[in-house]
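K.L.:
Quick one: this structure, given as structure tokens, is what I'll be asking you about.
Taken together, the values in this text are just the output of simple stated rules run on the coordinates, not laboratory data. In this text the structure is predicted, and so the values were computed from the model without any measurement. Because the Cβ atoms are built from the backbone with ideal geometry, glycine has one as well, and the counts that use them run over all protein chains shown.
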Amino acid sequence: MTRKTLLLGSTGFLGRELLAAFAHAPHVLAPTRDELDVTDSAALREYILAEQPSTIINAVGACGVSKCESNPELAQQLNSGYVQVLADAARMVAGCTLVHFSTLEVYGDVKPQHGQAYYNEDCPTSPHSIYAKTKLQGDLAIASTAPHYLIFRLSSLYDAYRLFAVEERDPISLGAPTAVQYVANTVVRGLARIERRVLKVHSGVYHLSAKGDSDWQTFYREVSLQRQKSRILGTPESPALVTTGPKLSVEKIENAFCLFIPSWQSQLKTHLTQSDLAANGD
Ligand SMILES: NC(=O)c1ccc[n+]([C@@H]2O[C@H](COP(=O)([O-])OP(=O)(O)OC[C@H]3O[C@@H](n4cnc5c(N)ncnc54)[C@H](OP(=O)(O)O)[C@@H]3O)[C@@H](O)[C@H]2O)c1
């Protein structure tokens, strides 16, 4: 039987990059909202049962603290209610893996257990915002319903446009800004290796963020520094980042997916180099 991937939310910020990462993969279905409104539960169920995908990637969501505070009903619907329907439908397709994206915001400001220096995936959650609360409900719905699932908890994402756009960003409480292309490529390559049986990865929650911790202010300072230095001096050297509280652990995903996750500074440098090359038409 042909293995099919169903990508939901392929027109969104993350979804577009996931679709690009699948460019050469056969059998990827990516219905737009006009073709499949995921809040129509009956249509969603019918579509999934008709197509029988072996993997469903859910990049639909109401994203961001302020957006969710101003429209709590939409947040509840897209981050929680719809996710439960999706998990129920995925369970009805034999062998189907449900891939979902969540947020590190679910930890709130809960401290890791006594003496622990890192937040790992077993740390208790304590979401504060409507965004984080509804995302956690979605995570729990999947974990209790779908037999095979991967939930990636992400930090805030950036791309070339969001590097320079002056827009208000939600504060970062844990992790560091992460390039959206990196997340998409890591997930798509990881899934390909699982499908080829190069990797065997257990269902569960995985942190997926550039290594280290940084707030936006530190991040944007580093953007300016790297851009200046790459013009004047060649290879920039990142300043040491001083953080106090416990840090994010990405050990679980590194071990399970045989990855080495770069620091946010080194990932930013790669991203800037690639953006500069693309802008210069190289
Ligand atoms: N962006 C980040 O920094 C970030 C950080 C952590 C976690 N995440 C998580 O990553 C996921 C994707 O985030 P994102 O930033 O890519 O969100 P986004 O840009 O807002 O994209 C949302 C996607 O969902 C689709 N959608 C919304 N309502 C729909 C409906 N009723 N039927 C069908 N499709 C619908 C949108 O389609 P239209 O194009 O038609 O609107 C769009 O493709 C979310 O679960 C989010 O919580 C994102």
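K.L.:
Taking the range 46-136 as the region of interest, what is the percent of Cα-Cα pairs per 10 angstrom bin, listed from the shortest bin to the one with the maximum distance?
P.N.:
Percent of pairs per bin, in order: 16, 37, 29, 16, 2, 0.
K.L.:
With θ taken as phi - 60° and the coefficients 6.51, -1.76 and 1.60, list the Karplus ³J(HN,Hα) couplings across the range 51-66 in order, rounded to whole Hz; mark glycine and proline as x.
P.N.:
7, 6, x, 7, 9, 10, 10, 9, 10, 8, x, 8, 10, x, 5, 5
K.L.:
Please give the net charge around residue 173, taking every other residue with its beta carbon less than 13 angstrom from that of residue 173, where Lys and Arg add +1 and Asp and Glu add -1. Kindly include the intermediate steps, with their values, before the conclusion.
P.N.:
On the way: positive: 111, 153, 169, 247; negative: 105, 109, 170, 213, 215.
My count for the surroundings of residue 173 gives -1.
K.L.:
Please list the radius of gyration and Dmax for the chain, considering alpha-carbon atoms only, with Å as the unit.
P.N.:
Rg and Dmax of the chain, Cα atoms, are 18.9, 59 Å.
K.L.:
Could you estimate the translational diffusion coefficient of the range 125-166 from the Stokes-Einstein equation, with Rh from the Kirkwood formula over C-alpha pairs, at 10 °C and 1.306 mPa s, in whole µm²/s?
P.N.:
Answer, rounded: 126 µm²/s.
K.L.:
Which value at 222 nm does the chain reach when only helices count, each DSSP H run of 4 or more adding -39,500 (n - 2.57), with the total divided by all residues and rounded to the nearest 500 deg cm²/dmol?
P.N.:
Only helices count here, giving -12500 deg cm²/dmol.
K.L.:
Please list, in order along the range 191-206, the HN-Hα scalar couplings obtained from phi with the Karplus expression 6.51 cos²θ - 1.76 cosθ + 1.60 (θ = phi - 60°), rounded to whole Hz, x for Gly and Pro.
P.N.:
Result, rounded to whole Hz: 5, 5, 6, 5, 5, 7, 6, 6, 10, 10, 10, 6, 4, x, 9, 10.
K.L.:
Still on this structure, please answer the following. Using alpha carbons only, how many angstrom separate the centre of the range 211-225 from the centre of the range 35-83?
P.N.:
The distance from the Cα centre of the range 211-225 to that of the range 35-83 comes to 32 Å.
K.L.:
What is the magnitude of the charge dipole of the chain about its Cα centre, with +1 placed on the Cβ of each Lys and Arg, -1 on the Cβ of each Asp and Glu, and no other charges, expressed in debye to the nearest 20?
P.N.:
On the way: 26 positive and 28 negative charges, 159 e Å.
Once rounded to the nearest 20, the dipole reads 760 debye.
K.L.:
Turning to a different aspect of this structure: Which whole number in µm²/s is D for the range 131-206 by Stokes-Einstein, with the Kirkwood Rh taken over Cα pairs at 4 °C and 1.567 mPa s?
P.N.:
Diffusion coefficient, whole number: 89 µm²/s.
K.L.:
While we're on this one: Evaluate the distance, in nm, between pseudo-label points positioned 7 Å from the Cα of residue 43 and of residue 162 along their respective Cα→Cβ axes.
P.N.:
2.7 nm
K.L.:
Can I ask one more? Based on the Kirkwood radius over alpha-carbon pairs, what is the Stokes-Einstein translational diffusion coefficient of the range 1-98 at 10 °C with 1.306 mPa s viscosity, in µm²/s?
P.N.:
The Stokes-Einstein estimate is 114 µm²/s.
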